Amino acid sequence: MADTVSYLQRDDTISQTERFLLLLSGVFVTVNFIALEIVNPSGISHWWHLAVWILCAIVGTRWLDRVLPQRDPLIFPLVMFLTGWGIVMIDRLAPNFADRQSIWLVISVGAMLMTVSLQQLLRWLRAYRYLFLIGGIVLLVSTILLGSNPSGFEGAPELWLGFGNIFFQPSEALKVILVVFLASYLSEQYPAMRAQSQLKIGSERAWLSPRILGPIILMWGLSIVLVVWQRDLGTAAIFFAVFLVLLYAASGQTSILIGGSVLLAIAGFVAYNLFSVVELRVDIWLNPWAEADGRAFQIVQSLMAFAAGGIFGEGIGQGSPGYIPVVHSDFIFSALAEEYGLVGIIVLVAMIAIFVMRGMRLAIQHQNRPFNALLAIGLSMLIAIQSILIMGGVLKLLPLTGVTLPYMSYGGSSLLASFVIAGLLLRLSAEVQ
């Protein structure tokens with residue numbers, strides 16, 4: 001009886017914590033929408049977006065109470081906070097896209113709730129990994145053969161599959177699929193890899209077997225395919241970086257990180273010499289000021305936005321981030337820096353860091369279940385690496401890759417995949433013993 005009472009009390013505490021954090025998030029989002037309405041009146045538009053966010057938050061937390069009473073109480077409030085902030089920024093920068101993002105939010109929250117409701121989901125993911133991998137490869141080949149670019153810009157990478165006026169970026173789904181496959185594959189090899197990592201030849205650890213090295217070369221080749229056929233440097237870098245982290249976590253061999261980094265550098269060097277889009281991004285990373293009014297206009301305007309923001313920012317609707325091309329997508333971090341300043345940047349980075357830390361905490365809690373642990377690591381690193389790439393890119397700390405900032409940037413495919421990631425982490429948190 002005492003155990004039952006304790007169990008129910010824990011459920012109630014989790015629910016109260018989550019709802020309190022959602023309330024704080026709702027206050028923040030509402031205040032920002034009010035401020036935006038004062039600066040830029042739009043009638044019903046702002047309030048419709050806010051109403052959608054509130055509805056998703058209420059339905060989401062109530063459904064989670066029902067199907068996952070034993071869950072991490074921070075994950076859902078974190079992703080809703082970031083998404084709400086993102087919709088505020090998109091509404092301020094590109095109101096027409098905010099309508100679409102709100103619709104995608106409903107779809108994404110629905111996908112997350114469907115994910116957490118499947119009690120056997122983790123077992124299915126592990127058992128049918130090759131089926132998921134084949135599906136991912138089909139998506140990749142379909143994009144190469146039938147891909148398009150809804151922007152209509154000549155020479156732009158064709159990374160989307162279109163159905164009428166609806167476009168979907170398969171690489172976003174492929175990220176999650178590959179993490180699932182790799183976590184399942186490496187979990188089966190985990191005992192052998194850990195045993196082999198203890199072997200030594202002289203003073204050096206033994207080389208990995210071909211059975212384990214094979215996937216390394218396969219993933220490197222897949223990254224090359226993405227760069228060659230789609231000129232998608234960002235997705236290729238994410239794929240390979242996440243794979244290296246997973247392989248290192250499974251084997252414990254530092255040499256894997258070193259060797260993988262060398263392979264990635266070789267791929268980057270080859271891509272720089274073969275493809276103009278990669279050459280452009282590296283050149284403007286090294287010296288954007290030589291072409292500040294030309295090819296490097298976007299990154300230069302981004303840097304100026306960071307400088308204009310200062311410590312506390314210009315205020316929502318008070319800056320001029322619209323000078324940055326495609327600011328609502330690739331450069332939303334720059335717009336946030338200009339209007340919320342260093343304080344806003346710190347808050348955003350802290351929220352993403354907490355989300356990643358919760359995922360890594362799940363990996364530790366599942367350390368006796370290799371598949372669950374590797375899945376938590378892979379999903380967390382997807383968000384972490386993608387965030388680092390885009391934030392570093394718009395700050396000129398890294399070459400610009402063109403990936404989205406998770407949960408914040410405009411992009412239905414990215415938002416959907418990010419909420420599925422949150423759903424899988426919530427599912428994992430509910431199975432901690």
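The values are calculated or read from the model by the stated rules, or taken from the named source; none is laboratory data. All figures in this text were calculated on a predicted structure; none of them were measured in a lab. Here the Cβ positions follow ideal geometry from the backbone for every residue, glycine too, while neighbour counts run over all protein chains shown. Remember, those area values only see protein heavy atoms, side chains included, never the ligands or the DNA or RNA. Shrake-Rupley method; radii C 1.70, N 1.55, O 1.52, S 1.80 Å.
Before moving on, here are some points about what is shown:
- Comparison of ALA353, ALA373 shows that the only residue that is out of contact with any Asp or Glu (no Cβ under 9 Å at 6 or more places or on another chain) and without any contact (Cβ under 8 Å) to a residue 40 or more places away in the chain is ALA353.
- Residues of the range 44-95 satisfying the condition of being within 22 Å of LEU426 (Cα to Cα), open to solvent by less than 10 Å² (accessible area, probe 1.4 Å) and within 17 Å of the chain's Cα centre (by Cα): ILE75, PHE76, PRO77, VAL79, MET80, LEU82, THR83, GLY84, TRP85, GLY86
- Residue in the range 273-283 that is surrounded by 11 or more Cβ atoms within 10 Å (Cβ to Cβ) and touching a Pro at 6+ places or on another chain (Cβ under 6 Å) present: yes
- Taking first residues from the range 13-32 that are in contact (Cβ under 8 Å) with a residue 40 or more places away in the chain and under 18 Å from TRP63 (Cβ atoms) and partners that are open to solvent by 60 Å² or more (accessible area, probe 1.4 Å) and part of a helix (DSSP H, G or I), the Cβ contacts under 9 Å between residues at least 6 apart in sequence or on separate chains come to LEU22/ILE58; GLY26/ILE54.
- Meets criteria (closer than 22 Å to ILE14 by Cβ, among the basic types (Lys, Arg) and either touching a Leu at 6+ places or on another chain (Cβ under 9 Å) or not in a helix (DSSP H, G or I) (or both)) for ARG427: yes
- Any hit, the range 125-144, residues being more than 21 Å from the chain's Cα centre (by Cα), at pLDDT below 95, assigned to a loop (DSSP other than H, G, I, E, B) and of a type outside the set (Val, Ile, Thr): yes
- The residues on offer are SER380, SER409, SER418, and the sole one that is in a helix (DSSP H, G or I), open to solvent by less than 10 Å² (accessible area, probe 1.4 Å), closer than 17 Å to GLY234 by Cβ and not aromatic (Phe, Trp, Tyr) is SER418.
- Verdict on ARG71 being at pLDDT below 95 and part of a helix (DSSP H, G or I): no
- Candidates in the range 123-146 are the residues that are within 18 Å of PHE168 (Cα to Cα) and among the small types (Gly, Ala, Ser); of these, the one that is least open to solvent (accessible area, probe 1.4 Å) is GLY136.
- Residues that are more than 17 Å from PHE333 (Cα to Cα) and buried (at least 16 other Cβ atoms within 10 Å of the Cβ), drawn from the range 293-314: ALA296
- In the range 163-197, the residue that is modelled with the highest pLDDT out of those that are open to solvent by 40 Å² or more (accessible area, probe 1.4 Å) and within 14 Å of THR143 (Cβ to Cβ) is PHE168.
- The condition (being under 16 Å from LEU82 (Cα atoms) and either of a type in the set (Lys, Arg) or open to solvent by 10 Å² or more (accessible area, probe 1.4 Å) (or both)) is satisfied by just one residue among ILE332, ILE345, ILE385: ILE345.
- Enumeration of residues in the range 230-245 that are open to solvent by less than 60 Å² (accessible area, probe 1.4 Å) and more than 16 Å from the chain's Cα centre (by Cα): GLN230, LEU244
- Yes/no for SER108 being among the small types (Gly, Ala, Ser), touching a Leu at 6+ places or on another chain (Cβ under 7 Å) and under 23 Å from GLU431 (Cα atoms): yes
So that you can scan it fast, the table gives a plain yes or no per residue for (1) part of a helix (DSSP H, G or I); (2) at pLDDT below 90; (3) open to solvent by 70 Å² or more (accessible area, probe 1.4 Å); (4) not hydrophobic (A, V, I, L, M, F, W, C):
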{"position": "ARG10", "(1), (2), (3), (4)": "yes, yes, yes, yes"}
{"position": "ARG19", "(1), (2), (3), (4)": "yes, no, yes, yes"}
{"position": "PHE28", "(1), (2), (3), (4)": "yes, no, no, no"}
{"position": "GLU37", "(1), (2), (3), (4)": "yes, no, no, yes"}
{"position": "SER42", "(1), (2), (3), (4)": "no, yes, no, yes"}
